[in-house]
Amino acid sequence: MTVFSIIGCGFVADLYMRSFAVHDEVSVALAYDQNPDRLAAFGKHWNVKTASDLKAFLADLPKQSIVLNLTNPSAHFEINSAILNAGHHVYCEKPLALNMPDAVALCELAKEQNLRVAAAPCSVLGEAAQTLIHATNSGTAGKPRLIYADLDDGFIPQAPFKDWISESGAPWPAKDEFRVGCTLEHAGYYLSWLIAMNGAVTRVVAASGNVVADLLPNDAGPDFSTATLFFENGVVARLTCSITAPHDHRIRVIGDDGVLVVKQAWNNAATVRFHRRMRIRRRLLENPVGRKIKATRKTHPKVGRWGAAAMNFGLGPIEMASAIAEDRPCRIGSDFSLHLTEVALAIHNAGDKDGVRTMKTRCTPMQPMPWFDKATEGGN
């Protein structure tokens, strides 16, 4: 049995619990939230034992337990540090930290303590992402040249977000979402796919801004960003994030032989299609139907749609636990999470002036999940 504990029992904690429910091998031993009413509601709804305060929570766990930090982003560094100093591994919701010095300090502290740090998002471990990555790296579309990734969520200021309530009664954390900004909240979903596929980003050319500032709180972070990412392997990608443009969660890998497409970032079971490029008389175009690409082995349990997503949030913590048990690097461990954080911060902080950044951190492409037969590699 794999056992986790949770700090922070808000909106996203229910999504983790829904995900753990499809894994018979997982249980949650203990939970804590600084809001006693929220903690009581969460504990009762999910039948989870609760702790009276943070000190008691950390002291009540066996050494080197895996603790999920699902608190507000502004508390991530403080809580992550407390977990590590108490002798426990950390799995943190995004972002790992709100600045690079704090993110680096966390990874160094974990190394000193012989502990692990990993961070969300974990959709990169899901079936859709791994299938797209496998198809790209095995040459299904030929040599990849350019990638377009979009994370536009619609005109959120006019959405009924005050009515978005989690299963145990937690409201969607609008203030935190707007304060942190759409880039740090959402860019990681496709950044993680891109980094897993291509390895390190060497240079970021980006701009970010507030295009609906008059409709959001005064302390709102950037509500729009666009970035061109130059990868060490030569691939170039464009990534956009916004809470203004019409909903568009497509990622398109453009290669010599055609285009690989996924249309749903937040659905682990989203279809991956290959649209072969062809010439009809004088016209060059991609096949409009596309061939469906599938994993050749059993992947992971799926979670039904709830709200905007059909994602298994448990994949990240479970991958971390497996890595510890097998004494191997975690696929979304410190190097990966640190590089993802650096790139996301470079985009988030670009503004309209200082938009060219050379990355200092590095990571290698991700070890793929074992869901594909070697015979499927190569083109068509």
Mind checking whether some residue in segment 148-170 is within 30 Å of Met369 (Cα to Cα), among the small types (Gly, Ala, Ser), touching a Pro at 6+ places or on another chain (Cβ under 6 Å) and in contact (Cβ under 8 Å) with a residue 60 or more places away in the chain?
no
Filter segment 324-375 down to residues that are assigned to a loop (DSSP other than H, G, I, E, B) and modelled with pLDDT of 95 or more and give me whichever is farthest from Gly199 (Cα to Cα).
Asp327
Of the residues in segment 1-50 that are assigned to a strand (DSSP E or B) and aromatic (Phe, Trp, Tyr), the one that is farthest from Ser74 (Cα to Cα) is Phe4
When residues of segment 239-258 are filtered for being part of a strand (DSSP E or B) and at negative phi, how many remain?
10
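Condition first: part of a helix (DSSP H, G or I) and farther than 25 Å from Glu127 by Cα. Now tell me which residues in segment 164-210 satisfy that. Walk me through how you get there before you give the answer.
Filtering segment 164-210 for residues part of a helix (DSSP H, G or I) gives 174-180, 182-198.
Ala174, Lys175, Asp176, Glu177, Phe178, Arg179, Val180, listed by residue number.
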Residue count, segment 57-76 (criterion: over 18 Å from the mean Cα position of the chain (by Cα) and crowded, with 18+ Cβ neighbours inside 10 Å)
5
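Is segment 195-205 home to any residue that is more than 20 Å from Leu15 (Cβ to Cβ), among the basic types (Lys, Arg) and within 18 Å of the chain's Cα centre (by Cα)?
no
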Phe57 - would you say it is hydrophobic (A, V, I, L, M, F, W, C), touching a Phe, Trp or Tyr at 6+ places or on another chain (Cβ under 8 Å), outside any strand (DSSP E or B) and more than 20 Å from Ile318 (Cβ to Cβ)?
yes
So, first residue over 18 Å from Ala346 (Cα atoms) in segment 92-108, second residue assigned to a helix (DSSP H, G or I) and of a type in the set (Ser, Thr, Tyr), Cβ within less than 7 Å, six or more apart or across chains; the pairs are Leu106/Ser81; Cys107/Ser334
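The values are calculated or read from the model by the stated rules, or taken from the named source; none is laboratory data. Just so it is clear, the structure is predicted and the values come from calculations on it, not from any experiment. Every residue, glycine as well, gets a Cβ built from its backbone with ideal geometry; the counts of neighbours run over all protein chains shown.
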